[in-house]
1. Any residue in the stretch 33-50 that is at pLDDT 95 or above, part of a helix (DSSP H, G or I), out of contact with any Phe, Trp or Tyr (no Cβ under 8 Å at 6 or more places or on another chain) and charged (D, E, K, R)?
2. So Arg48 clears everything in (1) touching a strand residue (DSSP E or B) at 6+ places or on another chain (Cβ under 8 Å); (2) on the phi < 0 side of the Ramachandran plot except one condition, right? Which one?
3. Kindly provide the set of residues from the stretch 23-49 that are in contact with a helix residue (DSSP H, G or I) (Cβ under 8 Å, 6 or more places away or on another chain) and not acidic (Asp, Glu), ordered by number.
4. Considering only the stretch 23-44, state which residues are within 25 Å of Arg79 (Cβ to Cβ) and either of a type in the set (Val, Ile, Thr) or open to solvent by 20 Å² or more (accessible area, probe 1.4 Å) (or both).
5. Within the stretch 2-22, which residues are at negative phi and either open to solvent by 60 Å² or more (accessible area, probe 1.4 Å) or part of a helix (DSSP H, G or I) (or both)?
6. Can you pull out the residues in the stretch 51-86 that are open to solvent by less than 40 Å² (accessible area, probe 1.4 Å) and among the basic types (Lys, Arg)?
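The values are calculated or read from the model by the stated rules, or taken from the named source; none is laboratory data. Computed from a predicted model, the values in this text were never measured in an experiment. Using ideal geometry, Cβ is built from the backbone for each residue, glycine included, and neighbour counts are taken over all protein chains shown. Quick note on the areas: whole protein, heavy atoms, side chains included, nothing else; ligands and nucleic acids left out. Shrake-Rupley method; radii C 1.70, N 1.55, O 1.52, S 1.80 Å.
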Amino acid sequence: MRYVDVREPDEFHGPLGHLPGAELVPLATLEDTSAGWDREAPLLLICRSGNRSGRAARALAERGFRRLYNLQGGMLAVRAMPGTDA
């Protein structure tokens, strides 16, 4: 599964950090960046709270991507989980 973080660079490298293996693709660049991606490959979309990644999922679905997953609660939820760096 491909991990796609749609936040801005300062957020990706900021206090909430990012998931190991995630690639940074800011939401504003998603349409151009995803043009050559496999539309059948699973994508986990990540942001701070789940809102931008939800918008990203809808935009990608409109472009024919089929296996899209939105990280509910985003990195805020990940960092709130026991055993993670808060």
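1. Taking every residue of the stretch 33-50 in turn, none turns out to be at pLDDT 95 or above, part of a helix (DSSP H, G or I), out of contact with any Phe, Trp or Tyr (no Cβ under 8 Å at 6 or more places or on another chain) and charged (D, E, K, R).
2. Only one criterion in (1) touching a strand residue (DSSP E or B) at 6+ places or on another chain (Cβ under 8 Å); (2) on the phi < 0 side of the Ramachandran plot is unmet by Arg48, namely (1).
3. Correct list: Leu24, Val25, Pro26, Leu27, Leu30, Ser34, Leu43, Leu45, Ile46, Cys47, Arg48, Ser49.
4. Glu23, Leu24, Val25, Pro26, Leu27, Ala28, Thr29, Pro42, Leu44
5. Arg2, Tyr3, Glu8, Pro9, Asp10, Glu11, Phe12, His13, Pro15, His18, Pro20
6. none
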